[in-house]
1. Tell me the residue from SER109, SER80 that is in a helix (DSSP H, G or I), among the polar types (S, T, N, Q) and free of Cβ contacts under 8 Å to residues at least 60 places away in the same chain, please.
2. I need the full set of residues from the range 68-87 which are within 21 Å of LYS104 (Cβ to Cβ) and over 18 Å from the mean Cα position of the chain (by Cα), in order please.
3. Quick one: in the range 52-62, of everything that is over 16 Å from the mean Cα position of the chain (by Cα) and either loosely packed, with under 13 Cβ neighbours inside 10 Å or in a helix (DSSP H, G or I) (or both), which residue is modelled with the lowest pLDDT?
4. Scan the range 122-142 and give yes if some residue there is in a loop (DSSP other than H, G, I, E, B), at pLDDT 95 or above, closer than 21 Å to HIS3 by Cβ and not small (Gly, Ala, Ser), otherwise no.
5. Just checking, which of ASP38, ASP65 is over 17 Å from the mean Cα position of the chain (by Cα) and over 15 Å from TYR96 (Cβ atoms)?
6. Check off (1) closer than 27 Å to GLU153 by Cα; (2) surrounded by fewer than 17 Cβ atoms within 10 Å (Cβ to Cβ) for ASP112 and give me the number that stays unchecked.
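The values are calculated or read from the model by the stated rules, or taken from the named source; none is laboratory data. These figures come from a predicted structure and were not determined experimentally. Note that we place each Cβ from the backbone using ideal geometry, even for glycine, and neighbour counts take in every protein chain shown.
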Amino acid sequence: MLHIVLHEPEIPANTGNIARTCAATGSPLHLIRPLGFDVSEKAVRRAGLDYWHLVDVHVYDDLEDFFRKTGAEDIWLLSSYAPNCYAEVSYNPGCYLMFGKETKGLPQSLLDQHRDRALRLPMRPEARCLNLSSAATAVCYEALRQMGFPNLEQAGVMARNL
């Protein structure tokens, strides 16, 4: 299992796309307040997120609350300013992938505290960053690939055209 953590997400569509990735992979989704949207059952139903029931969602008041309740130690922090490439580390079952808010990323103090666990996706220098949901999906699937895609179907059945 792999945990996806969003620190103060602001854009509902990004969180919805990441939640879909969590639904497809069986990864719990951890949301750290403040949130830029409502995740109540009524709001989710109104938004038409028909996969939300497949997502194990946990909401925390702040970073301190998150660390206190999860005890997360095997955590990787994703930032476009990080010194390490996401594909050059080894992910373990049960690890946490933490992503920051769309406009500011993760707090600098957290990145400084965990510099050896701060990762980035390679990109052109003139590109500011990837979309949050794209980055989360890329890193999630790399981590799961390293773990052998636990509990996931790796092959489908192609329909035969007649």
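1. None of the other options fit; the residue is SER109.
2. Selection gives PRO83 alone.
3. Ranking the candidates gives HIS53 first.
4. Checked against the condition, which is being in a loop (DSSP other than H, G, I, E, B), at pLDDT 95 or above, closer than 21 Å to HIS3 by Cβ and not small (Gly, Ala, Ser), the range 122-142 yields no hits at all.
5. Only one candidate passes the filter, namely ASP38.
6. Unmet condition: (1).
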